[in-house]
1. If you check every pair at least six apart or on different chains, which have Cβ atoms under 7 Å apart with a residue in region 85-104 that is touching a residue at least 12 places away in the same chain (Cβ under 8 Å) first and a residue that is in a helix (DSSP H, G or I) and crowded, with 19+ Cβ neighbours inside 10 Å second?
2. Could you list, in sequence order, the residues of region 71-113 that are within 13 Å of G8 (Cβ to Cβ) and within 13 Å of the chain's Cα centre (by Cα)?
3. Among all residue pairs at least 6 apart or on different chains, which show Cβ distances below 7 Å where the first residue, located in region 2-20, is hydroxyl-bearing (S, T, Y) and the second is in a loop (DSSP other than H, G, I, E, B)?
4. Of everything in region 79-98, what is more than 15 Å from A58 (Cα to Cα) and not aliphatic (A, V, I, L, M)? Give them in sequence order.
5. Quickly run through region 11-69 and pick out the residues that are touching a Phe, Trp or Tyr at 6+ places or on another chain (Cβ under 7 Å), closer than 16 Å to V118 by Cβ and open to solvent by 70 Å² or more (accessible area, probe 1.4 Å).
6. Only one of these is out of contact with any Cys (no Cβ under 7 Å at 6 or more places or on another chain), assigned to a strand (DSSP E or B) and among the small types (G, A, S): S85, S21, S54, S30. Name it.
7. Can you tell me how many residues within region 92-119 are crowded, with 20+ Cβ neighbours inside 10 Å and more than 22 Å from G55 (Cβ to Cβ)?
Amino acid sequence: QVQLVESGGGLVQAGGSLRLSCAASGRTFSRNAVGWFRQAPGKEREFVAAISWSGNSACYADSVKGRFTIFRDNAKNTVYLQMNSLKPEDTAVYYCATDPRDSVYSVSYTYWGQGTKVTVSS
């Protein structure tokens, strides 16, 4: 069993930065890929970024490529999402997830956090 807790969300002006954290409990966390997703009001949950269990491989949605960076510290059981050059369209609740059952781009992960809200003002 794995429990995930996101933190770091908040209100920021366009062009600003935030760093989200996803802290995990459970011994299997360091052996699984981790994904970040987001869900804006009235929209479906969408893929943002994912990282391999080793941290050596990462992938991003086109909408955040070059602005967001995902990285992990397995010694701390934590995955981070550094978000720079934020835009109002990045406003959403951000979720981390682990143990993908299908592609890392899909929402088919076993474990999910409760989400952290990010609001970007124009």
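1. Close Cβ pairs satisfying both conditions: T98/F29.
2. T78, V79, Y80, L81, Q82, M83, V93, Y94, Y95, C96, G113
3. S17/N84; S17/L86
4. N84, S85, K87, P88, E89, D90, T91, Y94, Y95 - these are the residues of region 79-98 that are more than 15 Å from A58 (Cα to Cα) and not aliphatic (A, V, I, L, M).
5. Passing the criteria: R19, R45, E46.
6. When all the criteria are applied, what remains is S21.
7. Going through region 92-119 one residue at a time, the tally reaches 2.
Residues are listed down the side, and each one gets a yes or a no for (1) of a type in the set (A, V, I, L, M); (2) modelled with pLDDT under 95:
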position: F37; (1), (2): no, no
position: A40; (1), (2): yes, no
position: F47; (1), (2): no, no
position: W53; (1), (2): no, yes
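The values are calculated or read from the model by the stated rules, or taken from the named source; none is laboratory data. None of these values were measured; they are calculated from a predicted model. Every residue, glycine as well, gets a Cβ built from its backbone with ideal geometry; the counts of neighbours run over all protein chains shown. To get the accessible areas, we keep the full protein, side chains included, count just its heavy atoms, and leave off ligands, DNA and RNA. Shrake-Rupley method; radii C 1.70, N 1.55, O 1.52, S 1.80 Å.
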